[in-house]
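Q: Shown below is the structure under consideration.
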Amino acid sequence: MHQLETLYRQIIMDHYKNPRNKGLLEDDSYIKEHIKNPSCGDDITIQTRIENGRVKDVRHDGSGCSICCSSASVLSTLVKGKSVEEANTYTKNYLNMIMKQPFDETIDLEDALAYQGVTKFPARVKCASIAWKAFEATLKKASE
Amino acid sequence: MMQGRKKDFPILNKQPLVYLDTAASSLTPNAVINKLNEYYKDYPVNVHRGVYKLSYQATEAYHAARQTIADFINASFDEVIFTRGASSALNLVALSYGEQYINAGDEIIVSELEHHSHILPWQQIAKRKNAKLVYIPLSKEGRITVEAFQSVLSNRTKVVALTYVSNVMGYITPIKEIIEIAHQKGAVVSVDAAQAAPHMQLDVKALNCDFLAFSAHKMFGPTGVGILYGKSALLQAMPPVEYGGDMNDNVDLYDGDWKDAPYKFEAGTPPIAEAIGFAEAVRYIQSVGFDAIIKHEQGLRKQAIEGLEAIDGITVYNKEAETGIINFNLDGVHPHDVVSFFDEDHIALRAGHHCAQLLIKWLKVPATLRASFYIYNDASDIETFIDSAKRARSFFSEIGF
Ligand SMILES: Cc1ncc(COP(=O)(O)O)c(C=O)c1O
């Protein structure tokens, strides 16, 4: 039981119980992406506002397990204020980290580092990734 | 009790595992694994084609498998079509029978208990044909009742597509009565027996169903094979849905014609090893016997329900189910969070909507946990499961869920 304990005790419960930047805005300057995991019902929408090449704001909303919902909150706090390029790098690093791929350990993923624990739960990697994938998609849309 | 059954299943002798996900797929016994190996080692060739001895041997084994399964459900040889599984069998009914006989304004009766594989094919036919999908209102408990069925049956009902046993609630549908009433209106009935075939004796003649489908992998058999039973007269009148080798008679430049059922529905090389393994799985079930299976599952179910009920903060959605499926949640905790806890205790449970989103919506929950039992489970598995459920409940409460 130890691994689940460490995973949840840290940052995850805090962001799950007290999500930051939660709730979507009716604002066309935000780019929106909705991702659903049909096998479990996790359902996350990310809204990103980009200004002068920087991530000005990230909002999220949805429903799902604690890993999925908390990771959206952690993501929003981490990438806000970063340049689009940095945000992309952070996202790729995070996704590589949870998928056990090589990643740049010199980049400080802060609270998001807690999710390295999901590598012990391969079936939950998807839960930890969908908010970030949605965010990545908003960046891609913005660049098009 | 099923003393010693665990030894028949190699995976249970390889690692610590309490397997409570039979409703998704059952474990495979040595007898079936050996049978698959026998095909690949001793006569690993195509059927119906070669005129050499080995091909004859494979063809004989494939035929014998069909006969074994036909006998198992009291059907005749020609009424059993090998498919990829229950899903493709149920699709076949919609794509062939539905496509041919459903017209605008006709009604197709279904239920919110259906697996996606028995809703979506008819939903698509209804859309294409401008027919109407009609849902049986479920009882408070979530059951299909004869009365509720009668309340939606009409002179426009052409097809009734219902599950025999719900894969989420474990309820048994009063399908025999429903079939009799449906026939009085001239409707045909398609029965999804994916969760019934592994756990109870089926007799298609006694049921008088028109179509019935199930998969091998939920009843000790291999993946990739299942069957569709169809009444002979119906099958003969239905068009094929796939065309290709083996299903045809004469082929001309601009047209061709087909063999009789079941072959016209089996285009291409069939799942030969799987069909032969499927028949072995049927023999394995018969060696245990349904009376013993039912008694065993009831015992485990009772033990598990009592254990869960003694824990505060757990909701069981189907306390009164007749089969070995328990559908539950830890209040306030997403099932995906819970299932990882069980996983660490080497207990395999299903979390999610179980390919039955309509029922999960009906229950008004985001998802549920499902435990399901079979003959390789024993009382100590249930003790482990209940102990883990207790600790999971404390753990999630303690960390703030
Ligand atoms: C009630 C029911 N119907 C149909 C199916 C579909 O079976 P398969 O996935 O083997 O095609 C399942 C299995 O998930 C089921 O439980």
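Q: List the residues whose amide H sits under 5 Å from the amide H of B:GLY226, counting only those 5 or more places along or on another chain, with H placed 1.01 Å from N in the peptide plane.
A: B:THR83, B:ARG84, B:GLY85, B:ALA216
Q: Further question on the same structure: With chain B treated as a Gaussian network of Cα nodes joined by springs under 10 Å, which of B:GLY352, B:GLY230, B:GLY244 yields the largest mean-square fluctuation?
A: Looking only at B:GLY352, B:GLY230, B:GLY244, the biggest GNM fluctuation is shown by B:GLY244.
Q: Go through the stretch B:294-309 residue by residue and turn each phi into a ³J(HN,Hα) via Karplus (6.51, -1.76, 1.60, θ = phi - 60°); whole Hz please, and just put x for glycine and proline.
A: After applying 6.51 cos²θ - 1.76 cosθ + 1.60, I find 5, 4, 4, 5, 4, x, 5, 4, 4, 4, 5, 4, 4, x, 5, 5 Hz.
Q: To the nearest 10 degrees, how steeply does helix B:379-398 sit against the main Cα axis of chain B, on a 0 to 90 scale?
A: Result, in degrees: 60.
Q: In terms of Cα to Cα distance under 16 Å, which lysines are near enough to B:LYS205, apart from those fewer than 8 places away along the same chain?
A: Here the lysines satisfying the reach criterion relative to B:LYS205 are B:LYS176, B:LYS231.
Q: Taking 0.36 nm per residue of sequence separation and subtracting the Cα-Cα distance, how much length would be gained by fully extending the chain between B:GLU147 and B:ASP291, in nm to one decimal?
A: 48.9 nm
Q: Run the dipole for chain B about the Cα centre, Lys and Arg Cβ at +1, Asp and Glu Cβ at -1, nothing else charged, and hand back the magnitude in debye, nearest 20. All intermediate terms of the calculation are to be shown ahead of the outcome.
A: Values: 37 positive and 47 negative charges, 51 e Å.
The calculated dipole for chain B is roughly 240 debye.
Q: Please compute, for the alpha-carbon atoms of the stretch B:260-367, the extent along each of the three principal axes and give them in descending order in Å.
A: 57, 31, 29 Å, listed from the longest principal axis down.
Q: Next question. Per residue of the stretch B:56-72, what does 6.51 cos²θ - 1.76 cosθ + 1.60 with θ = phi - 60° give for ³J(HN,Hα)? Whole Hz please, x for Gly and Pro, Karplus curve as stated.
A: Listing the rounded values in order: 4, 5, 5, 5, 4, 5, 5, 4, 4, 5, 4, 5, 4, 6, 4, 4, 4 Hz.
Q: On a 30 Å Cα-Cα criterion, which of the cross-link pairs B:LYS218/B:LYS319; B:LYS185/B:LYS295; B:LYS158/B:LYS295 come out too long?
A: B:LYS185/B:LYS295; B:LYS158/B:LYS295
Q: Next up: If the only charges are +1 at each Lys and Arg Cβ and -1 at each Asp and Glu Cβ, what is the size of the charge dipole of the protein assembly as shown around the Cα centre, to the nearest 20 debye? Display every interim value, and only then the final one.
A: Numbers: 57 positive and 67 negative charges, 72 e Å.
The calculated dipole for the protein assembly as shown is roughly 340 debye.
Q: Here's something else I'd like to know. Which residue fluctuates most in the GNM of chain B (Cα springs below 10 Å): B:SER25, B:SER151, B:SER190?
A: B:SER151
Q: While we're here: Can you give the average number of partner chain beta-carbon atoms within 10 Å of each beta-carbon in peptide B:336-345, as a whole number?
A: 6
Q: Also, quick follow-up: Choose one of B:TYR229, B:LEU308, B:VAL51: the residue whose Cα lies farthest towards the positive end of the charge dipole of the protein assembly as shown (beta-carbon charges +1 Lys, Arg; -1 Asp, Glu; about the Cα centre).
A: With unit charges placed on the Cβ atoms, the residue in question is B:LEU308.
Q: Kindly list the residues of the stretch B:162-185 that lie in the label zone of B:ALA206, defined by a backbone N under 17 Å from the point 7 Å along the Cα-to-C-beta vector.
A: So the set is B:164-165, B:172-180.
Q: I'd like the distance between the alpha-carbon centres of the stretch B:32-87 and the stretch B:330-345, rounded to an integer number of Å.
A: Their Cα centres are 41 Å away from one another.
Q: Using helices alone, I'd like the mean residue ellipticity at 222 nm for chain B: each DSSP H run of four-plus residues gives -39500 (n - 2.57), total over residue count, nearest 500. Working shown, then result.
A: Working: 13 runs with 155 residues, N = 401.
Mean residue ellipticity at 222 nm (helix-derived): -12000 deg cm²/dmol.
Q: Something else: Below 14 Å, Cα to Cα, which aspartates and glutamates can B:LYS140 reach? Residues fewer than 8 away in the same chain don't count.
A: Correct list for B:LYS140: B:GLU112, B:GLU320.
Q: Still on this structure, I have one more. When chain B is treated as a GNM, springs tying every alpha-carbon pair under 10 Å, which of B:GLN123, B:GLN150, B:GLN67 comes out with the largest mean-square fluctuation?
A: Looking only at B:GLN123, B:GLN150, B:GLN67, the biggest GNM fluctuation is shown by B:GLN150.
Q: Remind me, relative contact order of chain B in percent, using alpha carbon pairs under 8 angstrom and six or more residues apart?
A: Result for chain B is 22 percent.
Q: So if each residue of separation counts as 0.36 nm, and I subtract the Cα-Cα distance between B:ARG49 and B:LYS7, what length gain in nm does that give?
A: 11.2 nm
Q: What is the log10 of I(q)/I(0) for the stretch B:185-311, computed with the Debye formula using one identical point scatterer on each Cα and no solvent, at q = 0.11, 0.12, 0.14 Å⁻¹?
A: -0.55, -0.63, -0.79
Q: Please state the relative contact order of chain A as a whole percent: Cα pairs under 8 Å, 6+ residues apart?
A: 28
Q: Now, a different point. Run the count for the stretch A:1-83, please: Lys pairs, Cα-Cα under 23 angstrom, 8 or more apart or on different chains.
A: Eligible lysine pairs with Cα atoms under 23 Å apart amount to 12.
Q: What residues qualify as long-range amide H neighbours of B:ALA131, i.e. H under 5 Å apart, gap of 5 or more or another chain, H built at 1.01 Å from N?
A: B:GLY105
Q: Which whole-number percentage describes the relative contact order of the stretch B:143-190, with Cα contacts under 8 Å and a sequence gap of 6 or more?
A: On the way: 46 pairs, mean separation 22.6, N = 48.
So the answer I get is 47 percent.
Q: Mean residue ellipticity at 222 nm from the helices of chain A, using -39,500 (n - 2.57) per DSSP H segment of n ≥ 4 over the full residue count, to the nearest 500 deg cm²/dmol?
A: On the way: 5 runs with 59 residues, N = 144.
Calculated at 222 nm, the ellipticity per residue is -12500 deg cm²/dmol.
Q: Something else now. What's the FRET efficiency of B:TYR40 with B:ARG391 using the Cβ-Cβ distance as r and R₀ = 41 Å, to the nearest 0.05? Each step should come with its number before you reach the end.
A: On the way: r = 44 Å, r/R0 = 1.07.
Efficiency, from the Cβ-Cβ distance: 0.40.
Q: State the extension gain, in nm to one decimal, for the chain segment bounded by A:GLU26 and A:MET99, taking 0.36 nm per residue of separation less the distance between their alpha-carbons.
A: 22.9 nm
Q: Mind listing the long-range amide H neighbours of B:ASN248? Cut-off is under 5 Å, sequence gap 5 or more, other chains count too, H placed in the peptide plane at 1.01 Å from N.
A: B:LYS259
Q: Describe numerically, in nm with one decimal, the distance between label points set 7 Å from Cα along Cα→Cβ at B:ASP249 and at A:ALA142.
A: Going from the B:ASP249 label point to the A:ALA142 one covers 6.7 nm.
Q: What ranking of B:TYR254, B:TYR164, B:TYR40 emerges when the number of other C-beta atoms within 10 Å of each C-beta is taken as an exposure proxy, fewest first?
A: B:TYR254, B:TYR40, B:TYR164
Q: Determine how many Å³ per residue the convex hull of the Cα atoms of the stretch A:2-143 encloses.
A: Value for the stretch A:2-143: 101 Å³ per residue.
Q: I'd like the projected area of the protein assembly as shown, averaged over all directions, using the convex hull of its alpha carbons. Report it in nm² with one decimal.
A: Directional mean of the projected Cα hull area for the protein assembly as shown stands at 29.4 nm².
Q: Going out from 0 in 20 Å bins, what whole percent of all Cα-Cα distances in chain B drops into each bin?
A: Spelled out per bin, shortest first, that is 27, 54, 18, 1.
Q: Mind listing the phi-derived Karplus ³J(HN,Hα) values for the stretch B:220-231, rounded to whole Hz, using 6.51, -1.76 and 1.60 with θ = phi - 60°, and x for any glycine or proline?
A: 6, x, x, 6, x, 8, x, 9, 10, 8, x, 4
Q: Hey, another quick one. For the stretch B:1-130: lysine pairs with Cα atoms under 27 Å, gap of 8 or more or different chains, count?
A: Qualifying lysine pairs in the stretch B:1-130: 9.
Q: Oh, and also: Based on Cβ point charges of +1 for Lys and Arg and -1 for Asp and Glu, what charge dipole magnitude is obtained for the stretch A:1-113 about its Cα centre, in debye rounded to the nearest 20?
A: 120
Coordinate-derived values only; no laboratory data. No experiment lies behind these values; they were computed from the predicted model shown. Cβ atoms come from the backbone with ideal geometry, glycine included; neighbour counts cover every protein chain shown.
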